[in-house]
Amino acid sequence: METTKEIIQHKHYAICKPYGFISQFITNEQKKKKNHKFLGELAEFPEGTMAIGRLDRDSEGLLLLTTDGKKSYFILSSKVEKEYHVQVDGIITNESIDKLKQGVIITVDGTDYTTKPCKVSLIEKDLDSLPFRSKKIRDERHGPTSWMSIILREGKFRQVRKMTAAIGFPTLRLIRARIGKIDLNTMQAGEVIELDENFEV
């Protein structure tokens with residue numbers, strides 16, 4: 001007797017991760033930890049939902065969620081660009097931007113690692129349109145800042161922050177603005193949008 005293969009209807013979401021949230025779903029052990037905020041607090045997600053990659057606790061912006069492991073694997077691969085908008089301490093120079101483009105040495109798992117060539121450009125940010133952030137960034141009285149767009153195809157732990165520190169411009173605020181074809185656009189902190197089952201990146 002022939003059996004029909006069950007078709008699994010996967011779910012996919014785009015969220016704007018707020019500052020201070022951990023890119024995980026809470027476990028029994030983590031319930032004991034105080035002052036931790038998890039993705040499940042933003043909406044009701046189906047069982048098996050996972051974050052595709054992570055943004056560290058201090059970072060914000062676009063994060064994709066899915067119940068489809070194959071989709072997650074592809075999006076995490078070097079085939080898909082990830083764009084970050086980064087506010088740094090000081091006025092960034094063209095020389096420093098060129099260093100980032102070519103690759104800089106950062107520490108990964110205790111060893112030196114040279115980042116792959118990437119796309120970097122100065123940008124202007126409309127501060128009024130940025131997602132709400134519970135912790136304020138220092139203001140101009142403490143010195144000027146710059147915004148950059150950094151587009152990567154790799155994602156080492158805290159890579160963008162380490163890259164800007166390597167050229168002498170510490171990151172003050174980091175927002176992931178795009179994953180492949182999916183943009184953060186005007187999404188605000190904590191906003192959740194369900195994506196079409198066949199969405200493309």
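The values are calculated or read from the model by the stated rules, or taken from the named source; none is laboratory data. Quick caveat, the model's predicted, so the values are computed rather than measured. Note: ideal-geometry Cβ built from the backbone for every residue, glycine included; neighbour counts use all protein chains shown.
Restricting attention to region 158-195, which residues are modelled with pLDDT under 95 and farther than 29 Å from HIS142 by Cβ?
ASN185
I want to confirm something. Restricting to region 124-170 and keeping residues that are β-branched (Val, Ile, Thr) and farther than 17 Å from GLY61 by Cα, which single residue is surrounded by the fewest Cβ atoms within 10 Å (Cβ to Cβ)?
ILE167
Quick one: which strands (runs of 3 or more DSSP E) lie wholly within region 86-196 and hold at least 1 residues that are within 28 Å of LEU65 (Cα to Cα) and touching a residue at least 60 places away in the same chain (Cβ under 8 Å)?
Ranges flagged: 145-152, 171-179, 192-194.
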